[in-house]
Amino acid sequence: AKFMTMDIGNFYLNTPLSRPEYVRLRLSDIPDEIIEEYKLHDVATEDGSVYIEATKGMYGLPHAGRIANELLEKRLNKHGYYQSKLVPGLWKHEWRPIQFTLVVDDFGVKYVGKEHAEHLMNILKEHYPVSTDWTGDRYIGIHLQWDYYKRQVHLSMPGYAKKALKQFDHPTPRKRQNAPFPHTPPKYGAKTQYPNEPSNAPLLDKKGKRFIQQVCGKFLFLGRAVDSTLLMPISAIASQQANPTTETMRHTKQLLDYIASQEEAVLTYSASEMILAVHSDAGYLNEPKARSRAGGHFFLSNNGNIPTNNGAVLNIAHIIKNVMSSATEAELAALYIMAREAVYIRIILEEMGHEQPPTPIQTDNSMAEGVINSKVQPKRTKAMDMRFHWLRDRECQKQFRFYWRPGKTNYADYWTKHHAAKHHENIRAEFLTPQKVLATLTHGHSGDPTTIVKALARV
């Protein structure tokens, strides 16, 4: 299979309306040359307004997207294309080996045989202006570098971080910052664990509050799309953005220092059997107000007892809303959150034609694994009881397979704690591809696997 992209023009503007819509405009809001050109004074009302009849879709019309999509679906259905009823935005053909996703007016097309992609392109050209990119190197703002020989794709967003840092007028730090958030050191040997106390620092003004919110919104897209190392600090900062303090601002500045210090993030996916695998972990009482954290690492791998790691299709850094009464309950809550997300990903993969065995979910808490797999029958709270029965029911339905492995092999641990800078520096290459490795893989060493291995060893 190969990938290409298409973009259709005037998608919203060319859609006929089932009935006219009317817009009132003030003459004071219309440029004088437009008023003179169309003699709007002759049709204006006494209060200085003109009424416009719209017979086709236009920008700002609330249902413009819906009617444009319905018309496109009607046109494509005539030629055997149909939208999945379970996964909106995923389209397939009745018999052609082609699938595509549609985001507004951008098509991401997976095809086997160029003639099938050309078939879709020719149908669209009958109704819309269409631009195509057969390299498929850019889709919804993400740069895709395809390596069909090594069966890999490298995702990145070149220039996004630099442009955002310039927008926030943030200088490059004098000292390299490898920790995106202040480290919370563990208290080894402590008989009692105490939760983190809320900050007593002064509150920020409206300008500072807006700055915090803008930083979180700007970099959340980068974190979800490519650089998952940003999710944990953004989650912690966003939990305080309703009432941010000077300490929140200090954490935000440290996050910006971290982003400015790191190279462009590259996320690599390798070809696999498209079997979903999940790592789940929890951090107990490591957030203010006695809250715990849930972390998840979702990736596509092969059908084995211990799935090999791959680029993440989803990472979760989530503060558990309820107060957990024990570490086991926190781990069960994390497993519940991850399994709930995995249900829909399983549906997406099966709709794409990739049958799923029971999804393997790894945990490093033997008690939680024993509870779900009926090895242990504990006394539970009501909240724990609901999650426990839901997970056990799904396991009995062969939807999930829960297994235990040591914590050092659990990739989800990264999204449950605020680690030291050295740990961030060491673990980053587990989730993101260093630029040196990418350059070695894509230039000068293709063709001879032995040479590639030697080159990577030098890097």
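The values are calculated or read from the model by the stated rules, or taken from the named source; none is laboratory data. No experiment lies behind these values; they were computed from the predicted model shown. Glycine gets a Cβ as well: all are built from the backbone with ideal geometry, and neighbour counts include every protein chain shown. For the accessible areas, the whole protein counts, side chains as well, though only heavy atoms, and no ligand, DNA or RNA atoms are used. Shrake-Rupley method; radii C 1.70, N 1.55, O 1.52, S 1.80 Å.
Points to keep in mind about this one:
- Probe 1.4 Å, protein heavy atoms only - accessible area per residue of segment 52-112 in square angstrom: 55
- Considering all C-alpha pairs of segment 302-361, those separated by over 15 Å amount to 62%.
- Using distinct alpha-carbon pairs, which all enter the 1/r mean, Kirkwood radius of segment 55-203 in Å: 20.8
- Remark: spin-label model distance K321-H183 equals 3.5 nm, labels positioned 7 Å along the Cα→Cβ axis.
- Shape summary of segment 122-182, radius of gyration then Dmax from alpha carbon positions: 18.6, 57 Å.
- When each of the peptides 422-430, 295-303 is scored by how many other beta carbons lie within 10 Å of its residues on average, the order from highest to lowest is 295-303, 422-430.
- Solvent exposure of segment 244-346 amounts to 34 Å² per residue of accessible area, where only protein heavy atoms count and the probe is 1.4 Å.
- Within the shell defined by Cβ-Cβ distances under 14 Å, the residues around I427 carry a net charge of -1, with Lys and Arg each +1 and Asp and Glu each -1.
- Normalised alpha carbon radius of gyration of the chain [divisor 2.2 N^0.38 Å]: 1.16
- Working ranking of peptides 355-364, 280-289 by packing, defined as the average number of other Cβ atoms within 10 Å per residue, highest first, is 280-289, 355-364.
- Taken over the Cα atoms of segment 126-243, the convex hull encloses 249 Å³ per residue.
- Rel. contact order, % - alpha carbon contacts under 8 angstrom, at least six apart, the chain: 14
- Segment 85-99 - phi-based ³J(HN,Hα) in whole Hz, Karplus 6.51/-1.76/1.60, Gly and Pro as x: 6, 9, 10, x, x, 9, 10, 9, 10, 4, 9, 6, x, 8, 9
- Segment 1-87: trypsin sites (Lys or Arg not before Pro) in DSSP coil with no more than 14 other Cβ atoms inside 10 Å: K39, K78, K85
- Along principal axes, Cα extents of segment 211-259, largest first, whole Å: 29, 20, 16
- Using the Cβ-Cβ distance between E341 and Q213 with R0 = 25 Å, the FRET efficiency computed as 1/(1 + (r/R0)^6) comes to roughly 0.50.
- Carbon plus sulfur fraction of accessible area for the chain, probe 1.4 Å, in percent: 52
- Both radii were evaluated on the Cα set of segment 233-274; the Rg over Rh quotient, with Rh as the Kirkwood radius, amounts to 1.24.
- Cα-derived Rg over Rh, computed across segment 4-142 with Rh taken as Kirkwood radius: 1.13
- Ranked by the mean number of other Cβ atoms within 10 Å of their residues, highest first, the peptides 338-346, 409-417 fall in the order 409-417, 338-346.
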